[in-house]
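I'd like to ask some things about the structure below.
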Amino acid sequence: MGLLDSVIGAVAGGLGGQGNGGGQGALLNEVIAMLANGQGQGGAAGGLGGLGGLIGKFTQSGMGDVIGSWVGHGQNAPISGDQLSNVLGSDMISELAAKLGLSHEEAAGQLSQVLPQVVDRLTPQGHAPAGGLGGMDDLMAQLSQLSQGR
């Protein structure tokens, strides 16, 4: 998957390139799978239902304003690893941690730094697309456009 690897590298660079080398790419891979309506990658959050499902989970947890700031224009509201664990569920974070070889706390902490930025970059119009981000091909096209703009 050369294209996927290059897009992940570009997005990681746009996120500051922080992380532990391949670990950042693996985390981004899981985030992409989560936001691509669970298609293609089989990510830890594959059952989430894409961006719409993620927004729903935040709204149900009383944190709709937080994810709304990531999607909308302006400053992204911060989220802690503990808050993200509460929103997504401990099982989802634990599965992600196991895939990445991290502790639960490390995985939640890293995800709390990456997820807001990825959601922000995937919603440049300031709103979530009505039909979600689509399948993996649509998401890859959007990420390619973002990486070319940097």
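Scan 51, 15, 3 and give me the residue that is surrounded by 21 or more Cβ atoms within 10 Å (Cβ to Cβ) and either of a type in the set (A, V, I, L, M) or at pLDDT below 75 (or both).
Going through 51, 15, 3 in turn, the sole match is 51.
While we're on this one: Within the stretch 90-107, can you find the residues that are farther than 13 Å from residue 31 by Cβ, part of a helix (DSSP H, G or I) and of a type in the set (Gly, Ala, Ser)?
Of everything in the stretch 90-107, those that are farther than 13 Å from residue 31 by Cβ, part of a helix (DSSP H, G or I) and of a type in the set (Gly, Ala, Ser) turn out to be 90, 94, 97, 98.
Hey, among the residues in the stretch 24-46 that are at pLDDT below 65 and either at positive phi or assigned to a helix (DSSP H, G or I) (or both), which one's surrounded by the fewest Cβ atoms within 10 Å (Cβ to Cβ)?
42
Part of a loop (DSSP other than H, G, I, E, B) and modelled with pLDDT under 95, is that true of residue 116?
Answer is no for this residue.
Which residues, counting only those in the stretch 119-138, are part of a helix (DSSP H, G or I) and either closer than 26 Å to residue 90 by Cα or modelled with pLDDT of 80 or more (or both)?
Selection gives 119, 120, 121, 122, 136.
Does the stretch 66-89 hold any residues that are over 17 Å from residue 56 (Cα atoms) and part of a helix (DSSP H, G or I), and which are they?
Hits for the stretch 66-89 are 81, 82.
The values are calculated or read from the model by the stated rules, or taken from the named source; none is laboratory data. None of these values were measured; they are calculated from a predicted model. Note: ideal-geometry Cβ built from the backbone for every residue, glycine included; neighbour counts use all protein chains shown.
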